[in-house]
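A.B. asks: Let me give you the structure first, and then I'll get to my questions.
Every number here is computed from the coordinates shown, using simple stated rules; none is lab data. Predicted model only: the values in this text are computed from it and were never measured. Cβ placement follows ideal geometry from the backbone for every residue including glycine, while neighbour counts extend to all protein chains displayed.
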Amino acid sequence: MYISLFDMFKIGIGPSSSHTVGPMRAARRFLFELPEADFARIHRVEVELYGSLAHTGHGHGTDVAILLGLEGETPDHIDIASVPARVHAMRATRELSLLGRRPVHFDPDRELIFNRIDLLPVHSNGMRFSAFDAAGAPIAEREMYSIGGGFVVDTDEAFVGSPRGVEQRVPYHFESMDELLALAVAAGKPLHEMLLANETALHGEAATREFIGRVKTVMFECIDRGLATDGMLPGGLHVNRRAKGIAERLRHTDSHASEGAMNWVSAFAIAVNEENAAGGRVVTAPTNGAAGVLPAVLRYCRDFRAADEAAIERFMLAAAAVGALCKRNASISGAEVGCQGEVGSAAAMAAAGLAAALGASNEQIENAAEIALEHHLGMTCDPIGGLVQIPCIERNAMGAVKAINACSLAMLGDGSHMVSLDQAIETMRRTGSDMQSKYKETSLGGLAITVSVRQVEC
């Protein structure tokens, strides 16, 4: 199955693609895919969360996402401003409306269970949904997994990103970067032309370009909101927003000097991840926890490198291809491989995208992605208080700067290098497999336990 650009970039809400976007989609999907006769008999539902979802779900808003998903909401269309009042009403009345059309009693304290002991077999981010009739007899039960980037699978699904059982045929199918580069040599084409041909085969050229434009717009709107908003982030860590203040100071400096440009990149990334931490609208790129890297580099590309729409298109196509390879051959889930799979993959995507936008060769694009990923290998996911704030926000700024540096290094060479992107991705997979679970988004190790904080509130 081919992982499309449409799969890699999802418009959703913060603070987490795996803990917020995925669970919301899973809850809705559980009910939506029930036969109508079964749905009509539901008297009670129960949801049990496992692994990382159980350990850090409160801080990541998983409980809120589940409630909203059961009511039929989707991350890309939900009215964010309405969420606090709706959730307050649900908790106060102990009632929700399944898919917006079937009121049932629901007590989050009893029927939303955070199981911090057991694990489901497929992935750390496991969920079990159960529905019962008025007599208490089970109607349906389903296990699902939020595997990073908003992707959701059930136990029976072997692959993600496509309708089950449907093979998506594209003119240039590849499962590794080496395969993609070989196809490019055989066709005598730059990577972006082949990638656009694939997307056109799946979605049509006009729809692909419209989607790229929409994603770009949401990314830039998120940056602009973050640069214009101050105050304290929710959650109890008492973290103040910094992006607005940084931007105000930069406007009074020579912002187009080399150091100034990188400072702006940091401000862009911080702005996005502060919006994400506040539950705002972001694009998973490839995850919410790493959502600031790619928009920051894309904005740098536009504002400091005078990128036109064609360059932005090349950027997005190359970035999506690299993200797809990271996902296919390793993971983009912090709960599975640590932050190397989130910020590391995002940096690789951004580095490849920037190189493509600037007219790099196919080999230089691959080299840029490899450099960026190589220098994130081994990075743990250890959010303090289970919130996507510290170290996550600053980590996005560092990933964005690394991506630009990786692109520069690659374009100073001819594309030849010792370590391939495929080898770096495989190393990320093996490193994630070796990494202890306490360093994989559970907040049981690293900074999360070194820095003492009081129990935070969602």
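A.B. asks: Given the chain, what percent of its DSSP beta bridges are antiparallel, to the nearest 5?
C.D. replies: 85 percent
A.B. asks: On each of the three principal axes of the Cα atoms of region 265-321, give max minus min coordinate, whole Å, ordered largest first.
C.D. replies: The Cα atoms of region 265-321 stretch 32, 24, 14 Å along their principal axes.
A.B. asks: Another one. Just how far, in whole angstrom, is region 413-428 from region 59-98 if you go by their alpha carbon centroids?
C.D. replies: 43 Å
A.B. asks: Pulled fully out, how much extra length does the chain show between E426 and K189, if you take 0.36 nm times their separation in residues and subtract their Cα-Cα distance?
C.D. replies: Value of the extension gain: 82.7 nm.
A.B. asks: Continuing with the same structure: Please give the helix 392-412 orientation as an angle from the longest Cα principal axis of the chain, in degrees from 0 to 90, rounded to the nearest 10.
C.D. replies: The two axes meet at around 30 degrees.
A.B. asks: Let me ask something else. Which one, P23, V45, I78, is farthest towards the positive end of the dipole of region 17-154 when Lys and Arg carry +1 and Asp and Glu -1 on their Cβ?
C.D. replies: Positive-most Cα among the choices belongs to I78.
A.B. asks: Assign one of three labels to region 17-154, namely rounded, prolate or oblate, based on the Cα gyration tensor with a ≥ b ≥ c the square roots of its eigenvalues; rounded applies when a/c is under 1.5, prolate when it is not and a/b is larger than b/c, and oblate otherwise.
C.D. replies: Note, shape of region 17-154 comes out rounded.
A.B. asks: Test of understanding: given the chain, find the longest segment containing no GluC sites (Glu not before Pro) that are in a DSSP loop and have at most 16 other Cβ atoms within 10 Å.
C.D. replies: It works out to 176-456.
A.B. asks: Helix 51-60 versus the longest principal axis of the chain: what is the Cα-based angle in degrees, 0 to 90, to the nearest 10?
C.D. replies: Helix 51-60 and the main axis of the chain meet at about 90 degrees.
A.B. asks: Taking square-rooted eigenvalues a ≥ b ≥ c of the alpha carbon gyration tensor, is region 177-450 rounded, prolate or oblate, where a/c under 1.5 means rounded and, failing that, a/b exceeding b/c means prolate?
C.D. replies: oblate
A.B. asks: For the chain, take the longest principal axis of its alpha carbons; what is the angle in degrees between that and the long axis of helix 191-203, to the nearest 10 within 0 to 90?
C.D. replies: It is inclined by approximately 30 degrees.
A.B. asks: Still on this model: Kindly state, to the nearest 0.05, the FRET efficiency for D224 paired with L409, given R0 = 41 Å and r defined as their beta-carbon distance.
C.D. replies: Working from the Cβ atoms, E equals 0.85.
A.B. asks: Can you give the extra length, in nm with one decimal, that the chain gains between R110 and D76 once fully stretched, where that is 0.36 nm per residue apart less the Cα-Cα distance?
C.D. replies: Length difference between fully extended and current span is 9.4 nm.
A.B. asks: Which length gain, in nm to one decimal place, applies between D303 and S97 when the Cα-Cα distance is subtracted from 0.36 nm times their residue separation?
C.D. replies: In short, 69.6 nm is gained.
A.B. asks: Per DSSP H run of n ≥ 4, the term is -39500 (n - 2.57); total these for the chain, divide by its residue number, and report the mean residue ellipticity at 222 nm rounded to 500 deg cm²/dmol.
C.D. replies: It comes out at -16000 deg cm²/dmol, rounded to the nearest 500.
A.B. asks: Related question: Under 24 Å Cα-Cα from K216, which lysines qualify once same-chain neighbours fewer than 8 residues away are excluded?
C.D. replies: Straight-distance partners of K216: K10, K244, K327, K402.
A.B. asks: Roughly how many Å is it from the Cα centre of region 175-190 to that of region 385-403, as a whole number?
C.D. replies: The distance from the Cα centre of region 175-190 to that of region 385-403 comes to 33 Å.
A.B. asks: Decide, for region 326-409, between rounded, prolate and oblate: order the square roots of the alpha carbon gyration tensor eigenvalues as a ≥ b ≥ c, take rounded if a/c falls under 1.5, and otherwise choose prolate if a/b is larger than b/c, else oblate.
C.D. replies: prolate
A.B. asks: Cα centroids of region 101-162 and region 254-332: how far apart, whole angstrom?
C.D. replies: 32 Å
A.B. asks: Calculate the FRET efficiency for M398 and D156 from the Cβ-Cβ distance with a Förster distance of 30 Å, rounded to the nearest 0.05.
C.D. replies: 0.15
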